[in-house]
Amino acid sequence: MQGIVSGKKAVRSFGRGVGGVLLLSVGILGATILAATAQTSAPGPQLTPGEASKVPASSDHPAGMDQYQVSRGDTLEVSVFDVPELSREYTVSLGGSISMPLLPAAVPVEGMTLREVGEAIAQRLRQSGIISAPDVSVYVKQSPSRIVTIDGAVHTPMTYPVLDHIGLMALISQAGGLADDAAKSAVVTRGPIALKTLALSGEDVSPTVTVDLSKLESGTDQDGNVNLYPGDRVTVQHSGVFYVIGEVNRPGGYTLKTAQEEITVLQALAIAGDVTSVAKKQKAVLIRRGPGVANGREEIALNLQDILKGRARDRRMEADDILYVPASGGKKALRDAATFGMTAGPTVTAGLIVYRR
């Protein structure tokens, strides 16, 4: 969204212009006034969404742009009515000013609101004798300081430009959506602009907000679609993935609902659709990787038959664990699966479907 402010509406001076003294006849002046009157009374053209974003701001436009303060590096689009030589984009210098043609000195703008920038430019134009009553509009084209950051379990974690505010779901959509291993929660860390804006509006000013993404996606918690302001950071947590392969009805990777969720071997088998009729339950293997494990991997023999009957304890699955259930007589398949699981690393997911739970 672009912020817009307008300077004072006034008739342009006919005594002194950019090119010198302008002599206008009464007939031309009358024609100009009649044309302006006709244009005011006639219905305006329908605006496209892109054009509508540049309509001069009214008193009920978002308060965030009323309070926007220009920063170094901002690109401002300045429009001086009927003076194309001055109407163009200007980048705020490291010194906090912009340089405009025909003005003898740069105009300091850093820290000003958009309305104040328009008034400052208009004042300089009047003082220089170029235009006696200029009509100045100022837009924010780009601003490197007006960004929201999203990271974690999304497809395209990065920073996105936001001049005013954006909803959480819209930002996640811009980031390509949730990744396969996304947890069901996101943490919003508020920046100074959000804290100030929310305090002024009487809303919650907590420095961090945790949002339940499952409720937000299902539409049962629309309050969770919080507005994000420049300087905010969104972290979508990784939940972790465990894998069930071999003789199960639905082999693949499965996300934990949260990083703290506890899933046991029997629960993992149930999630994977249970074992097939040719599974060798007595020879299942839990393959666990980790820096603290000898050779970078640990193979834990499991007798699923004993676990089902209560003669052996049901083990807890961890993120990145691989539960392999071989086929009867499949010793070679067991070795191949173990080697595949340990050497392929993250590429295990390449040949498997990862199911979000």
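The values are calculated or read from the model by the stated rules, or taken from the named source; none is laboratory data. Just so we're clear, the structure is a prediction, and the values are computed from it rather than from any experiment. Neighbour counts run over all protein chains shown; Cβ positions are idealised from the backbone, glycine included.
Could you grab me the full set of residues in segment 124-147 that are of a type in the set (S, T, N, Q) and either under 14 Å from LEU86 (Cβ atoms) or not in a helix (DSSP H, G or I) (or both)? Result: SER128, SER132, SER137, GLN142, SER143, SER145. Taken together, the residues in segment 154-172 that are in contact (Cβ under 8 Å) with a residue 12 or more places away in the chain and assigned to a helix (DSSP H, G or I) amount to 4. Using the structure shown, decide if GLY152 is of a type outside the set (D, E, K, R) and outside the structural domain of VAL83 (by TED's automatic domain parsing). When the stated conditions are applied, GLY152 passes them. Across segment 142-174, the qualifying residues are those that are modelled with pLDDT of 90 or more and among the hydroxyl-bearing types (Ser, Thr, Tyr), and the one among them that is nearest to ASP74 (Cα to Cα) is THR149. For GLU116, the conditions (1) without any contact (Cβ under 8 Å) to a residue 12 or more places away in the chain; (2) assigned to a loop (DSSP other than H, G, I, E, B) are fulfilled apart from (2).
Quick check: is even one residue across segment 199-209 touching a residue at least 60 places away in the same chain (Cβ under 8 Å) and crowded, with 21+ Cβ neighbours inside 10 Å? So far as segment 199-209 goes, no, none of its residues is touching a residue at least 60 places away in the same chain (Cβ under 8 Å) and crowded, with 21+ Cβ neighbours inside 10 Å. Taking segment 210-241 only, how many residues are in contact (Cβ under 8 Å) with a residue 60 or more places away in the chain and either closer than 30 Å to ASP320 by Cβ or of a type in the set (Lys, Arg) (or both)? Counting residues in segment 210-241 that are in contact (Cβ under 8 Å) with a residue 60 or more places away in the chain and either closer than 30 Å to ASP320 by Cβ or of a type in the set (Lys, Arg) (or both) gives 9. Residue check: is SER71 among the hydroxyl-bearing types (Ser, Thr, Tyr), more than 19 Å from the chain's Cα centre (by Cα) and closer than 30 Å to VAL188 by Cβ? Yes: the conditions hold for SER71.
For segment 76-106, residues that are buried (at least 20 other Cβ atoms within 10 Å of the Cβ), out of contact with any Pro (no Cβ under 9 Å at 6 or more places or on another chain), assigned to a strand (DSSP E or B) and free of Cβ contacts under 8 Å to residues at least 60 places away in the same chain total 1.
When segment 139-173 is limited to residues that are surrounded by fewer than 16 Cβ atoms within 10 Å (Cβ to Cβ) and among the polar types (S, T, N, Q), the one that is farthest from GLN237 (Cα to Cα) turns out to be GLN142. Across segment 312-329, not a single residue is classified as farther than 19 Å from GLU247 by Cα and in a helix (DSSP H, G or I).
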